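Quick notes on the structure that follows.
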């Protein structure tokens, strides 16, 4: 799928309200394990495929600096407007940058694979709640190479994974991402620790029949 086709797909989802992944409350994994992702104050956090997640405001309110990358402009604008955060914009050769007046929230509206690691800089923390599970299978290797290029030496990478039995009726997104795949993509520089596994109940309907479970994992530098 081309870059233009990817953007059109997600633009259509936002335009038509097919945004069931967007939550109005801070993600449970941050509330439970945020201290592991952010072991010291004033960390620099990357949120790939950020949408308008309220998790970014949580980082901001806790004194951290946030950089988000999002392919669709509408949720980027809505994030600032819904949270009452004044912003300015800057046109880039490969996208558009929205930034708060104090510079502590910077959201890049661009194709993630067009973003420049040398411009973004290094990150102490990555919050990957719905990014890796949304990436197309053929883009996963490129995705992991990009993410590894922006990790600071003492990074923490918190990721939510969805794991289930793919079938003809449903293959994502969210896509099935086993622990073994994460190690295949990141194991050259990361160690993986599973923090929590939540098996979905029968109340989830078809999800239960697919053996759906949500895994919270922490990636840290390989020793």
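If we scan the stretch 15-36, do we find a residue that is crowded, with 17+ Cβ neighbours inside 10 Å and in a strand (DSSP E or B)? No, that holds for no residue. When residue 205 is tested against the conditions (1) surrounded by fewer than 20 Cβ atoms within 10 Å (Cβ to Cβ); (2) under 19 Å from residue 70 (Cβ atoms); (3) at pLDDT below 95, the lone failure is (2). Evaluating residue 154 against the criteria (1) touching a helix residue (DSSP H, G or I) at 6+ places or on another chain (Cβ under 9 Å); (2) at pLDDT 95 or above; (3) under 26 Å from residue 222 (Cβ atoms) leaves one unmet condition, (1).
The values are calculated or read from the model by the stated rules, or taken from the named source; none is laboratory data. Only a predicted model underlies this, so the values are computations on that prediction, with no experimental measurement involved. With ideal geometry, Cβ positions are generated from the backbone for all residues, glycine too; neighbour counts draw on all protein chains shown.
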